[in-house]
Structure formats: C-alpha cells, structure tokens
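Heads up: the structure comes next, in structure tokens.
The values are calculated or read from the model by the stated rules, or taken from the named source; none is laboratory data. On a predicted model such as this, the values are computed, not experimentally measured, just so you know. Note that each Cβ is placed from the backbone with ideal geometry, even for glycine, and that neighbours are counted across all protein chains shown. Keep in mind that these areas ignore ligands, DNA and RNA; they rest on the heavy atoms of the full protein, side chains included. Shrake-Rupley method; radii C 1.70, N 1.55, O 1.52, S 1.80 Å.
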Amino acid sequence: HFFESLERLSAAGIPMYLVAGNHDPYTTWSYGLDRLPQSARVLGIEGPEYVLFSRDDKPLCAIGGRSYYNQVWPHDRSIAEGLSRIDARESLGVDAPFAIGVIHTGFELDTTKAPTDQEELLSRDMDYWACGHLHTRLVRPSMSNPRIVFPGCTQARDTKEPGEHGCYLVRLSDGAAPELEFVPTSSVILQSLTVDVSACQTLADVMHLVQVEMFSENGK
C-alpha cells in the first residue's frame with residue numbers, strides 16, 4: 001500500500017523526501033528501496049544528506065535529512081548534527097532561497113529517541129523543520145511562527161490518541177513565517193466519553209446507559 005501510494009504521488013509529478021525512523025529504520029526495509037519511484041528519495045542513511053529542489057531551472061529549496069540506520073540512536077549524538085543552512089550551502093554548492101530539515105526525533109519529550117530541542121533546531125537557520133516520531137501534533141515556537149512541526153500520526157493507533165489526526169500542508173514565502181494548513185486524514189476518530197451512572201441500580205443498567213450514550217455520540 002505504501003509503495004503504491006508513492007507511485008500515485010510520482011504520477012502526479014510530486015517529489016518525495018523520506019527519512020527512516022525507529023520503527024522503520026533503513027536496515028529493516030532496505031530491500032524495498034529499489035521499488036521507490038525515481039521521484040522519491042530516502043535521505044541521510046549514512047549521515048546528513050541534502051538534495052536541491054529547483055523550479056524553472058532555478059534553485060528553490062535545499063532539503064536536508066538524516067535517517068535511522070537501525071532501531072536505536074546514540075544518546076551522545078544529535079540527529080540534527082550537520083543539518084543547517086550553512087551545511088546545505090556547502091554541500092550543494094548553491095544558496096537556495098529556502099532550507100528545510102527532515103528528522104525523526106523524540107525532541108525533549110522522548111529522550112530515548114534521538115532527542116534534540118527547540119533552541120538547537122532554531123539555531124540552525126532552517127526555514128522549516130518537518131519532524132516525525134511524536135504521535136500528537138506539536139508546533140514550536142508558536143502557531144504564528146511554526147518553524148518546528150510534528151504533524152502526529154495520520155491515524156490514531158489506540159485510545160490514548162484521541163481527536164483528529166492528519167498532516168500539514170505548509171507554504172513557505174520569502175521573508176514570512178511558514179503558513180500551516182491542517183489536513184485531516186484519519187478514517188476513525190477516537191474520543192473519551194464520560195457517563196454519569198450514579199442513578200443506575202444494576203450492572204446491566206450501567207452497560208445499557210453507556211451503550212445509549214455511545215450511540216448518541218456516534219450519531220453526531
């Protein structure tokens with residue numbers, strides 16, 4: 001399903017830039033790399049890597065990323081090491097108007113998974129950081145200046161991940177903060193429901209009332 005979806009994007013003329021994460025590191029799916037369409041690129045398997053996106057034969061955006069080689073990441077190394085606007089310029093030999101970083105990190109919220117933090121990423125002068133790993137949406141430093149963004153899962157995986165899930169459409173403009181548009185993608189939205197069962201006399205009454213409340217919410 002994943003590879004078929006990449007083919008659909010490729011047929012639409014949309015280039016793809018991917019990084020491997022802790023659940024799908026390079027070592028566990030390297031066999032499938034030859035199935036990637038030519039417009040898809042896995043970044044940074046052996047270290048930081050940059051590609052240049054051009055439009056009308058003019059450099060437009062430097063995209064830098066770094067992948068998990070296997071399921072763990074060294075605790076004494078920053079996954080953002082080697083990813084900055086200066087590094088992009090030196091690696092590509094051009095100064096593109098925009099620079100984007102793509103990493104899989106637990107940020108400061110999961111220090112066991114390639115931790116980094118807001119100040120480190122902002123100091124690297126990238127226009128936008130597209131981040132993976134966290135299952136919930138997180139935007140830093142603010143919604144008015146969304147330079148670091150975790151879109152979360154495209155579909156909730158269990159009851160601990162309630163609410164809408166999806167991805168972000170991001171627009172970059174010269175001299176302006178990134179513009180975010182949330183695009184919902186989850187076919188199932190999970191939520192918690194509180195039911196007052198204090199008037200119930202039996203367990204059967206409790207089960208019936210809970211079922212009635214659940215059907216009422218589903219109807220909305």
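Annotations
- Checking every residue in segment 40-55 against the condition of being small (Gly, Ala, Ser), out of contact with any Cys (no Cβ under 6 Å at 6 or more places or on another chain) and surrounded by 18 or more Cβ atoms within 10 Å (Cβ to Cβ) gives at least one match.
- Annotation: Ile189 fulfils all but one of (1) over 21 Å from Cys131 (Cβ atoms); (2) in contact with a His (Cβ under 9 Å, 6 or more places away or on another chain); (3) modelled with pLDDT of 95 or more; the unmet one is (3).
- Counting only strands (runs of 3 or more DSSP E) that sit completely within segment 106-211, those holding 3 or more residues that are open to solvent by less than 40 Å² (accessible area, probe 1.4 Å) and touching a Cys at 6+ places or on another chain (Cβ under 7 Å) correspond to 145-150.
- Of all residue pairs spaced 6 or more apart or on separate chains, those with beta-carbon atoms under 9 Å, a first member in segment 5-23 that is closer than 18 Å to Gly44 by Cβ and touching a residue at least 12 places away in the same chain (Cβ under 8 Å) and a second member that is open to solvent by less than 30 Å² (accessible area, probe 1.4 Å) and among the basic types (Lys, Arg) are Val19/Arg66.
- The set of residues in segment 89-102 that are part of a strand (DSSP E or B) and touching a Phe, Trp or Tyr at 6+ places or on another chain (Cβ under 7 Å) comprises Ile100, Gly101, Val102.
- Residues in segment 76-85 that are under 12 Å from Pro48 (Cβ atoms) and either in contact with a strand residue (DSSP E or B) (Cβ under 8 Å, 6 or more places away or on another chain) or surrounded by 12 or more Cβ atoms within 10 Å (Cβ to Cβ) (or both): Ser78, Ile79, Ala80, Glu81, Gly82, Leu83, Ser84.
- Set Val210, Val197: member being over 30 Å from Phe53 (Cα atoms), touching a helix residue (DSSP H, G or I) at 6+ places or on another chain (Cβ under 9 Å), in contact (Cβ under 8 Å) with a residue 12 or more places away in the chain and not acidic (Asp, Glu): Val197
- Considered as a group, the residues in segment 38-62 that are over 21 Å from the mean Cα position of the chain (by Cα) and touching a residue at least 24 places away in the same chain (Cβ under 8 Å) include one that is nearest to Cys131 (Cα to Cα), and that residue is Leu60.
- If you go through segment 65-83 and pick out every residue that is over 11 Å from Ala114 (Cα atoms) and polar (S, T, N, Q), you end up with 1.
- Hey, Ser67 open to solvent by less than 30 Å² (accessible area, probe 1.4 Å), small (Gly, Ala, Ser) and closer than 24 Å to Asp125 by Cβ or not: yes
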